[in-house]
Amino acid sequence: EPEVTQTPSHQVTQMGQEVILRCVPISNHLYFYWYRQILGQKVEFLVSFYNNEISEKSEIFDDQFSVERPDGSNFTLKIRSTKLEDSAMYFCASSGGQPSPSTDTQYFGPGTRLTVL
Amino acid sequence: GDSVTQMEGPVTLSEEAFLTINCTYTATGYPSLFWYVQYPGEGLQLLLKATKADDKGSNKGFEATYRKETTSFHLEKGSVQVSDSAVYFCALSDQGTDKLIFGTGTRLQVFP
């Protein structure tokens, strides 16, 4: 069964450093997402991406964050200058958008645990 | 704005007990409703969903019915197993948007 994969599984970085989290969505999917879950808190939407552009983003997704689909298979989340409060589990998700993006299932990856020291 | 409220955990049950995890929502439009499950050390997996009022989603013995009148989507299972131990998340996706809004999650622990 196709699945979403994410690398690395755990990333440790120093405050102020840049990190890139990588995801390989399911191959025929068109809609891509990043969510995060701070330890003990709820899963929060960060950004959605369709047709090579951001379709929606949350207040959390400020100028420090960016997303890219560099090669047609990978989907990346970059945090330009990490802060302590960026420590969280980051989940990538993808969907086919059928019959509509709001009704279709989003398939989640296993997550990348980011620890900012 | 849209939101999801689900019961606090942990929920602790003996094997073969009946399970209910309550979920209520607030939405401006006509949302789709989802239950996701997270097993230890794994990502989120869709358990079931319902996209319109009175729809019942079901999978692996779990069921939930989309109740528009009570804005609820409670998860039920008639007889839980130890292997059902996980965190369960209720979520919605409103019309015109595809972002998922999650509840806080409910940890279920099932003992033999």
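The values are calculated or read from the model by the stated rules, or taken from the named source; none is laboratory data. In this text the structure is predicted, and so the values were computed from the model without any measurement. To get the accessible areas, we keep the full protein, side chains included, count just its heavy atoms, and leave off ligands, DNA and RNA. Shrake-Rupley method; radii C 1.70, N 1.55, O 1.52, S 1.80 Å.
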Going out from 0 in 5 Å bins, what whole percent of all Cα-Cα distances in the protein assembly as shown drops into each bin? 1, 7, 15, 19, 19, 16, 12, 7, 4, 1, 0
In percent, what relative contact order does chain B have, based on Cα pairs under 8 Å that are 6 or more apart in sequence? 37
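For A:53, A:1, what's the largest-to-smallest order of accessible area, 1.4 Å probe?
Largest accessible area first, the residues go A:1, A:53.
If the convex hull of the alpha-carbon atoms of region B:1-68 is projected onto planes in all directions, what is the mean projected area in square nanometres? Write out the running numbers ahead of the final one.
On the way: hull surface 22.3 nm².
So the Cα hull casts an average projection of 5.6 nm².
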Largest first, how would A:29, B:74, A:10 line up by accessible area (1.4 Å probe)? A:10, B:74, A:29
Just list whichever of A:42/B:56; A:57/B:68; B:56/B:99; B:49/B:77; A:57/A:78 have alpha carbons separated by over 20 Å in the model shown. A:42/B:56; A:57/B:68; B:56/B:99
Could you quote the convex hull projected area for region A:64-117, Cα atoms only and averaged over all directions, in nm²? 4.7
Got a number for the accessible area of residue A:87? Probe 1.4 Å, square angstrom, nearest 10. 40
Under 5 Å from the placed amide H of residue B:47, counting only residues 5+ away or on other chains, we find B:35, B:36, B:37
With the convex hull built on the Cα atoms of region B:22-112, state its orientation-averaged projected area in nm². 5.9
Relative contact order (percent, whole number), region A:42-107, Cα cutoff 8 Å, 6+ residue spacing: 16
Once A:89, A:15, B:7 are ranked on solvent-accessible area with the largest value leading and a 1.4 Å probe, the list reads A:15, B:7, A:89
Gyration tensor over alpha-carbon atoms, region A:11-99, equivalent ellipsoid semi-axes in Å: 22, 14, 12
